[in-house]
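Reviewing the structure listed below.
The values are calculated or read from the model by the stated rules, or taken from the named source; none is laboratory data. Fair warning: this is a prediction, and the values are worked out from it, not measured in the lab. Glycine gets a Cβ as well: all are built from the backbone with ideal geometry, and neighbour counts include every protein chain shown. To get the accessible areas, we keep the full protein, side chains included, count just its heavy atoms, and leave off ligands, DNA and RNA. Shrake-Rupley method; radii C 1.70, N 1.55, O 1.52, S 1.80 Å.
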Amino acid sequence: MDKKKYYITTAIAYTSGKPHIGNTYEAVLADSIARFKRQQGYDVFFQTGTDEHGQKIELKAEEAGVTCKEFVDKVSGEIKNIWDLMNTSYDKFIRTTDADHEKQVQKIFKKLYDQGDIYKGYYEGMYCTPCESFFTESQLVDGKCPDCGRPVTPAKEEAYFFKMSKYAPRLIEYINEHPEFIQPVSRKNEMMNNFLLPGLQDLCVSRTSFKWGIPVDFDPKHVVYVWLDALTNYITGIGYDCDGNSTEQFKKDWPADLHLIGKDIIRFHIIYWPIFLMALDLPLPKQVFGHPWLLQGDGKMSKSKGNVIYADQLVDFFGVDAVRYFVLHEMPFENDGVITWELMVERLNSELANTLGNLVNRTISMSNKYFGGEVRSTGVTEPVDEELKSVVLGTKKKVADKMEELRVADAITEIFTLFKRCNKYIDETMPWALAKEEDKKDRLSEVLYNLVEGICIGASLLESFMPETTEKILAQLNAPKRTYEELDTFGLYPAGNKVTEKPEILFARLDIKEVMEKVEAMKKKEAEKVGTAEEKKEEPVIEIEAKPEITFDDFMKMQFQVGEIIACEEVKKSKKLLCSQVKIGNQVKQIVSGIKSNYKPEDMVGKKVMVLVNLKPAKLAGVLSEGMLLCAEDENGKLALMTPDKEMPAGAEIC
């Protein structure tokens with residue numbers, strides 16, 4: 001029989017710089033799913049790669065003093081090396097600078113233009129360079145990009161547009177009829193309520209303000225907008241041709257069974273991409289999974305925060321499979337996960353070194369000590385054996401059920417439940433006690449056989465997640481890897497087989513203090529290598545004329561509290577003033593502030609601010625003011641409200 005196909009993709013990594021462990025997580029997650037599907041007997045095609053066009057790349061290359069192609073060649077190579085380091089078993093690594101991809105993108109653009117889905121127009125809006133996206137004023141959050149939170153700039157240029165609204169009703173209908181299409185379900189609700197149901201605007205699909213992109217061949221001053229370019233990799237990579245000459249692989253593998261992406265780019269994959277496919281008259285992918293983020297202990301990783309952790313750094317400390325285990329096991333299905341050096345050490349010591357490593361080592365050591373390494377079933381059983389076998393043989397289905405739901409962390413937990421049950425079995429049967437009684441020798445042999453058999457099945461299930469560890473365990477047990485079908489049978493370990501004479505420690509316990517000392521040394525060395533790059537540039541300072549000293553008693557006369565702005569409006573007779581209603585404890589004070597040039601009334605509502613509460617009331621532009629909002633002012637007169645850096649209730653005293 002022909003194998004059932006399974007086509008899985010990751011988002012292609014943007015070549016603006018080296019990917020951190022949060023970016024790398026996606027490739028490892030996809031790899032674990034691809035490996036498990038192969039183990040189940042599927043004909044798997046796993047595609048990943050790099051997204052290499054756009055204004056951000058053009059700017060980065062210019063800063064580096066190299067051509068755009070030289071820049072992306074270097075970064076793409078670095079990304080591929082990290083994917084390889086993490087033992088990801090991709091079948092194709094596509095680059096959007098590949099000639100065959102670029103050719104198909106041009107043909108797709110022309111096809112959509114010829115059939116009236118793309119038209120030329122004029123674009124004016126707020127543009128986020130890192131996200132390569134235009135936004136309307138209403139889409140901005142606090143005046144910044146709604147996706148990444150960075151500043152946006154006004155942009156105006158001739159552009160081609162895609163008629164999104166033409167296909168929106170069809171997409172809404174499809175999503176409603178296919179509840180499995182978007183996972184987790186919360187992502188679906190967000191996209192439907194925030195974008196689809198309010199109505200889609202036509203999408204800008206070309207740019208003229210930069211050159212690093214795929215030229216629109218019939219209008220060369222335009223380059224194809226990065227999302228139309230990037231998203232089509234999922235079909236061009238397997239041989240799609242919009243002239244009808246697609247490869248047999250495309251005909252076999254499309255539609256994709258799973259697009260695995262970060263939650264931050266889900267809008268592009270469940271709105272733009274399906275609509276592009278509808279316009280090309282192609283079936284939609286079966287499922288899009290927007291996975292959560294892997295965060296550093298103090299929030300989302302970013303170079304500006306100095307909290308970035310890279311996969312190769314972690315591998316140097318812990319090894320490939322320990323890192324794979326951590327990122328796969330620590331990520332919840334729907335909520336963000338957290339990674340810290342301390343947590344890595346804790347998990348390695350408690351779960352990898354103790355639960356798994358110690359189990360394998362003890363079993364092999366006892367087999368050598370009591371039977372010269374020979375493992376043999378004697379048939380001398382007790383009820384506790386059946387309990388062990390029930391757990392071992394029940395694990396395959398539990399893992400398969402979790403993987404079907406893409407709950408990879410839960411699948412790994414099921415496998416480690418098997419290993420924990422084996423450890424408990426040792427405590428229950430006490431092999432060391434059996435060894436002291438000659439008439440219990442056959443029972444002891446059966447116990448050790450059951451342990452070896454349980455570990456073999458557990459190790460075979462572990463392969464999708466920790467392939468090198470599986471190989472090491474089975475090599476030490478002198479056992480072949482079980483096929484997926486064989487995982488339903490207990491007792492396949494060949495009787496009389498011998499385990500290794502010298503068991504290897506799979507995971508050595510680490511001392512947290514020593515690890516953190518090495519981490520600090522590594523950070524210091526890296527900072528020195530890049531010319532103390534982690535040090536902040538010296539910021540300008542402002543000198544102001546000193547006021548007369550006051551006494552502590554003078555200071556204590558002033559009452560500062562946290563206030564919450566519940567309403568705000570412009571003062572009509574003034575160009576500078578805003579009038580805010582500020583909740584302070586159980587009272588509301590009206591405060592007039594000269595901050596109109598820096599804050600809009602709608603931006604003020606909901607802010608927590610620092611208030612001088614007992615300032616004598618006064619009228620400003622005819623409006624009563626009952627206090628003062630505290631601000632800082634730079635050398636250009638720009639104002640910033642003073643706000644608490646932690647959540648504080650309205651009325652909290654500032655002391």
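Here are the numbers:
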quantity	calculated
Residues satisfying the stated conditions in the stretch 630-647, i.e. of a type in the set (Asp, Glu) and closer than 14 Å to GLY594 by Cα	GLU633
Residue in the stretch 252-264 that is more than 30 Å from GLU330 (Cβ to Cβ), outside any helix (DSSP H, G or I) and modelled with pLDDT of 95 or more present	yes
Residues (over 16 Å from GLU626 (Cβ atoms), in contact with a strand residue (DSSP E or B) (Cβ under 8 Å, 6 or more places away or on another chain) and not in a strand (DSSP E or B)) located in the stretch 551-572	none
Cβ-Cβ under 6 Å pairs, at least 6 apart or on other chains, the stretch 236-256 side more than 16 Å from GLU102 (Cβ to Cβ) and open to solvent by 20 Å² or more (accessible area, probe 1.4 Å), far side basic (Lys, Arg) and in a loop (DSSP other than H, G, I, E, B)	PRO255/LYS286
Qualifying residue in the stretch 281-292 (condition: in a helix (DSSP H, G or I) and either modelled with pLDDT of 95 or more or crowded, with 20+ Cβ neighbours inside 10 Å (or both))	no
Lone qualifier among ILE175, ILE214, ILE182 - being open to solvent by less than 10 Å² (accessible area, probe 1.4 Å) and within 27 Å of ILE57 (Cα to Cα)	ILE214
Answer from ASP43, ASP51 - the residue that is farther than 17 Å from GLY77 by Cα and among the acidic types (Asp, Glu)	ASP43
Residue among GLU346, GLU334, GLU386, GLU342 that is surrounded by fewer than 17 Cβ atoms within 10 Å (Cβ to Cβ) and assigned to a loop (DSSP other than H, G, I, E, B)	GLU334
LEU448 being part of a helix (DSSP H, G or I), open to solvent by less than 60 Å² (accessible area, probe 1.4 Å) and touching a Cys at 6+ places or on another chain (Cβ under 9 Å)	no
Unmet criterion (only one of (1) surrounded by 20 or more Cβ atoms within 10 Å (Cβ to Cβ); (2) touching a strand residue (DSSP E or B) at 6+ places or on another chain (Cβ under 9 Å); (3) part of a loop (DSSP other than H, G, I, E, B)) for ASP219	(1)
Some residue of the stretch 369-383 being assigned to a loop (DSSP other than H, G, I, E, B), open to solvent by 10 Å² or more (accessible area, probe 1.4 Å), touching a Gly at 6+ places or on another chain (Cβ under 7 Å) and touching a residue at least 40 places away in the same chain (Cβ under 8 Å)	yes
